[in-house]
Every structure is written in structure tokens, then in C-alpha cells.
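Colleague: Input: one structure, supplied below.
The values are calculated or read from the model by the stated rules, or taken from the named source; none is laboratory data. These figures come from a predicted structure and were not determined experimentally. A quick note on method: Cβ atoms are made from the backbone with ideal geometry, for glycine too, and the neighbour counts reach across all protein chains shown.
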Amino acid sequence: MFWLAQLTDLHLFDDPAQRLRGVCTEETFERTLAAAVAQKPDALVLTGDLTQHGGAIAYGRLRAKLQATGIPAYCLPGNHDDPATMAQHLQGEGVFLTGTDWGPWRLVLLDSTVPGRVGGYLAPGALDLLGRSLAAARWAVVALHHPVWPVGTDWMDVLALENAADFWQVCQSQVATRLVLQGHAHQAFETTQTWPTHTVTCCVTPSTCVQFRPRTPTLEVDSHGPAYRWVGLGENGDIGHEVRYLEAVKNTP
């Protein structure tokens, strides 16, 4: 079994003492990372909104924290990130901005961000990368920031992936697709998409800082603490996953 931990929506600031909705994002990320690393994953996958303002200082500090774990980390941008600054200050030894292969499994990282927009969109180049990567894989995990399926929270669903139908069209044509990991929604959500040839599990993972209450018409902060998703990938294409909250760290709405 290959084990990975997904962490998402860190919202780190250049000033580590700064808070988001009353929460010190630096502290909650450090605790979440430590909890995940204690489980000895083979890899870390970070699915966007790594910083709040795309600051070089925050990326550099994050790089150091990830490198200190000794575990390969694969990162992609969210709508709060600056991809160019990420490329300059985040990637380094042990920290990657592109996908990889883990035995029979392929990790595909997609950039769904659009400059100046909160919602997401996959450009033709990203869809082409997705198709080519899946076609060459035995089994595949696809990771991106924006949800590709409605999570049932009205105000958030209008800020998800605009061309999700295009994404699913590619996944339907490629039987290697097994798992899709996303963030952005600051809440847990799971569903499956089934075709005659294969089934894809679709997971949205809560934030390492503030959570949003599910199924609300407007934004409401939830009381859940920070979280990560623990994922197991089997040699035969089987997957297992669960959200693990650090309930000892409660957020006050």
C-alpha cells in the first residue's frame, strides 16, 4: 500500500502571527502537518491556497517546513496563490510542482486557477495534460484546487470549476482514473462517478485552518478543527481514504 496525506487551504501569511477569521493559520498548519507526518506517509499532496496573498516569504517558510519532514511534497496553486512566486520560492529539493509516478500509480497535478478570479477553470493545455497523463497511466490520482462536483453549499458551488463537464469527459474516456482530490471548499465531501468501464472517487478535503459550514446559503464558519485526508493506494487499483480532524484544536464560529 502506498500512503499519502492530502493537506489543503493553508492560507499562510508572510507574517506568521497573522490570523484568518480569528485563527492563526501558521499554528494550525504546523499541527496538522505534524499529525500527518506522524502517520509516516510516503508522500504529501498540497492542493492549493497554500498562502493567503501569494507572498514569497510565506512560500519560503512553507518550503522549509516541508523539506524538514523528509517526505516528498507535491504542491499546486489555489485562487489565493501566485503560481509564478510559487515556482520561484516554493519548489526545491523534495518539494515539487509537477506530478510523479508511484509504482503503478500516477499523480496528475492540475492548475485550475484563473488570475483575478475565485472560481476555477481548466485551460485547454491543462485538459490536454490530463488526457495524456491518464492515457499513459495504469492507475491515476488527479489533484486540483477547485471542486469538480457540487458539494451542496450554494455560495461555494458557484465558485467551483467552471468547466467541470470538460474535466469529466476526459476522465470518462480514461479508465486509469481512480481518485480526484480537491480543496477550496473548507469542508469534507465525497462522491463517486460511475461509468460501465470504471468508477472514480471524488474527494474534497477540509482546510488545515478554518472550516466552512456545509449546506448553507451564505458563508458560515464551522466549529470543526483543522484536518487532512489520509489516502491509501493499492497495487491493484484499490483506494481507501478518510478525513482526520484535529478535534483538540476547535475553531469558534
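Colleague: Among the residues of the range 73-87, count how many are crowded, with 18+ Cβ neighbours inside 10 Å and free of Cβ contacts under 8 Å to residues at least 60 places away in the same chain. Before the answer, list the steps.
Modeller: The first filter runs over the range 73-87 and keeps only residues crowded, with 18+ Cβ neighbours inside 10 Å, leaving 73-82, 85-86.
Narrowing further to those that are free of Cβ contacts under 8 Å to residues at least 60 places away in the same chain: 73, 75, 81-82, 85-86.
Total satisfying the criteria: 6.
Colleague: Also, I was wondering about something else. Residues of the range 113-154 being surrounded by 22 or more Cβ atoms within 10 Å (Cβ to Cβ), in contact (Cβ under 8 Å) with a residue 60 or more places away in the chain and among the small types (Gly, Ala, Ser), which ones?
Modeller: Those that are surrounded by 22 or more Cβ atoms within 10 Å (Cβ to Cβ), in contact (Cβ under 8 Å) with a residue 60 or more places away in the chain and among the small types (Gly, Ala, Ser): Gly120, Ala143.
Colleague: Return the pairs, sorted by first residue and then second, in which the second residue is surrounded by fewer than 24 Cβ atoms within 10 Å (Cβ to Cβ) and of a type in the set (Lys, Arg), the first residue lies in the range 1-17 and is assigned to a loop (DSSP other than H, G, I, E, B), the beta carbons are less than 9 Å apart, and the residues are 6+ apart or on different chains.
Modeller: Every condition considered, the pairs that remain are Phe13/Arg19; Asp14/Arg61; Pro16/Arg61.
Colleague: Right, next: State all residues of the range 180-212 that are within 17 Å of Asp157 (Cα to Cα) and not in a strand (DSSP E or B); if no residue qualifies, say none.
Modeller: The answer is Gly183, His184, Ala185, His186, Gln187, Ala188, Thr205, Pro206, Ser207, Gln211.
Colleague: State yes or no: is Gln91 within 30 Å of Pro214 (Cα to Cα) and touching a strand residue (DSSP E or B) at 6+ places or on another chain (Cβ under 9 Å)?
Modeller: Details: within 30 Å of Pro214 (Cα to Cα): no; touching a strand residue (DSSP E or B) at 6+ places or on another chain (Cβ under 9 Å): yes.
Judged against the criteria, Gln91 is not a match.
Colleague: Here's another thing I want to ask about it. When only residues in the range 53-87 that are touching an Asp or Glu at 6+ places or on another chain (Cβ under 9 Å) and polar (S, T, N, Q) count, which is farthest from Thr208 (Cα to Cα)?
Modeller: Gln67
Colleague: For the range 228-244, name all the residues that are out of contact with any Cys (no Cβ under 7 Å at 6 or more places or on another chain) and either assigned to a loop (DSSP other than H, G, I, E, B) or of a type in the set (Lys, Arg) (or both).
Modeller: Quick first cut of the range 228-244, residues out of contact with any Cys (no Cβ under 7 Å at 6 or more places or on another chain) only: 228, 230-240, 242-244.
The answer is Gly234, Glu235, Asn236, Gly237, Asp238, Arg244.
Colleague: Let me ask another. Considering only the range 12-59, state which residues are surrounded by fewer than 16 Cβ atoms within 10 Å (Cβ to Cβ) and of a type in the set (Gly, Ala, Ser).
Modeller: Ala17, Gly22, Ala34, Ala38, Ala56
Colleague: Additional query: State whether the residues of the range 231-244 include one that is in contact with a helix residue (DSSP H, G or I) (Cβ under 6 Å, 6 or more places away or on another chain), closer than 30 Å to Arg138 by Cα, modelled with pLDDT of 95 or more and not acidic (Asp, Glu).
Modeller: Just the residues of the range 231-244 that are in contact with a helix residue (DSSP H, G or I) (Cβ under 6 Å, 6 or more places away or on another chain), to begin with: none.
There is no residue in the range 231-244 that is in contact with a helix residue (DSSP H, G or I) (Cβ under 6 Å, 6 or more places away or on another chain), closer than 30 Å to Arg138 by Cα, modelled with pLDDT of 95 or more and not acidic (Asp, Glu).
Colleague: Please specify each residue of the range 92-119 satisfying the condition of being under 22 Å from Arg132 (Cβ atoms) and either among the small types (Gly, Ala, Ser) or in contact with a Cys (Cβ under 9 Å, 6 or more places away or on another chain) (or both).
Modeller: Phe96, Leu97, Gly99, Gly103, Leu109, Ser112
Colleague: Next question, about the same structure. Would you confirm whether or not the range 91-107 contains a residue that is crowded, with 18+ Cβ neighbours inside 10 Å, of a type in the set (Lys, Arg) and farther than 24 Å from Met156 by Cα?
Modeller: Yes; the residues of the range 91-107 include at least one that is crowded, with 18+ Cβ neighbours inside 10 Å, of a type in the set (Lys, Arg) and farther than 24 Å from Met156 by Cα.
Colleague: Also: Within the range 51-93, which residues are assigned to a loop (DSSP other than H, G, I, E, B) and under 15 Å from Ala5 (Cα atoms)?
Modeller: Step one: list which residues in the range 51-93 are assigned to a loop (DSSP other than H, G, I, E, B), which gives 52-55, 70-72, 77-82, 90-91, 93.
Selection gives Gly70, Ile71, Pro72.
Colleague: How many of the residues in the range 193-242 are among the charged types (D, E, K, R), under 17 Å from Thr32 (Cβ atoms) and touching a Ser or Thr at 6+ places or on another chain (Cβ under 8 Å)?
Modeller: Initially, the range 193-242 is screened for residues among the charged types (D, E, K, R), giving 213, 215, 220, 222, 229, 235, 238, 242.
Retained after the next criterion (residues that are under 17 Å from Thr32 (Cβ atoms)): 222, 229, 242.
Narrowing the set further to residues that are touching a Ser or Thr at 6+ places or on another chain (Cβ under 8 Å) leaves 229.
Count: 1.
Colleague: Any residue at all in the range 103-117 that is aliphatic (A, V, I, L, M) and assigned to a helix (DSSP H, G or I)? Full working, then the answer.
Modeller: If we filter the range 103-117 for residues that are aliphatic (A, V, I, L, M), which is where we start, we get 107-110, 114.
Going one step further and asking which of them are assigned to a helix (DSSP H, G or I), we end up with none.
No, the range 103-117 has no match at all.
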